[in-house]
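Asker: One structure is given below, represented as structure tokens, and several questions about it will come after.
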Amino acid sequence: MRNDKDNEIVRESFEFALMVVKYCELLEEKRKYVISRQLLKSGTSIGANIAEAQNAESKADFLHKLKIVAKEADETEY
């Protein structure tokens, strides 16, 4: 059985997602709904895809999921 608490990437991406959620709440308060929703989707998708990669069926599947993570991270940064 996996222990994600020992996986730094999983842990850090979860912490990042929490920060994104808090920031999006601030954006919502300022009525910046469109950007808030987009940021929320891309910012939390990073951790979700990293978690999904932990159960990859093959090395190729693992790499594919991490490429999705990179795309979501680029979108979040933009």
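Read-outs: derived from the displayed coordinates by stated rules, not from any lab. The structure displayed is predicted, hence computed values, not measured ones. Note that we place each Cβ from the backbone using ideal geometry, even for glycine, and neighbour counts take in every protein chain shown.
Asker: Express in nm, to one decimal, how much length is gained between PHE62 and ASP4 on full extension, taking 0.36 nm for each residue of separation and deducting their alpha carbon distance. Working shown, then result.
Answerer: Working: separation 58, 0.36 × 58 = 20.88 nm, distance 1.59 nm.
Extending this stretch completely gives an extra 19.3 nm.
Asker: Under 19 Å between alpha carbons, and skipping anything fewer than 8 positions from LYS59 in its own chain: which aspartates and glutamates qualify?
Answerer: Reachable aspartates and glutamates: ASP4.
Asker: Going Cα to Cα from LYS32, which lysines come in below 25 Å? Please leave out same-chain ones fewer than 8 positions away.
Answerer: Straight-line reach from LYS32, under 25 Å: LYS22, LYS41, LYS71.
Asker: Now a separate question. Within the chain, what's the longest stretch lacking trypsin sites (Lys or Arg not before Pro) that sit in DSSP loops with no more than 13 other Cβ atoms inside 10 Å?
Answerer: 33-78
Asker: For the chain, with the dipole built from +1 on Lys and Arg beta-carbon atoms and -1 on Asp and Glu ones, taken about the Cα centre, which of ILE35, GLN54, TYR78 lies farthest toward the positive end?
Answerer: Checked the options; the winner is ILE35.
Asker: Sum up the charges of everything whose Cβ sits under 14 Å from the Cβ of GLU25, counting Lys and Arg as +1 and Asp and Glu as -1, but leave GLU25 out. It would help to have the intermediate numbers written out before the result.
Answerer: On the way: positive: LYS22, LYS30, ARG31, LYS32, ARG37; negative: GLU28, GLU29.
Here the charged neighbours net out to +3.
Asker: Measure nothing but the geometry: give the 0 to 90° angle between the long axis through the Cα atoms of 59-77 and the longest principal axis through the Cα atoms of the chain, rounded to 10°.
Answerer: The answer is roughly 20 degrees.
Asker: Calculate the dipole size of the chain relative to its Cα centre from +1 charges on Lys and Arg beta carbons and -1 charges on Asp and Glu beta carbons; express the result in debye to the nearest 20. Walk me through the numbers on the way to the answer.
Answerer: Numbers: 13 positive and 15 negative charges, 48 e Å.
In total the dipole reaches around 240 debye.
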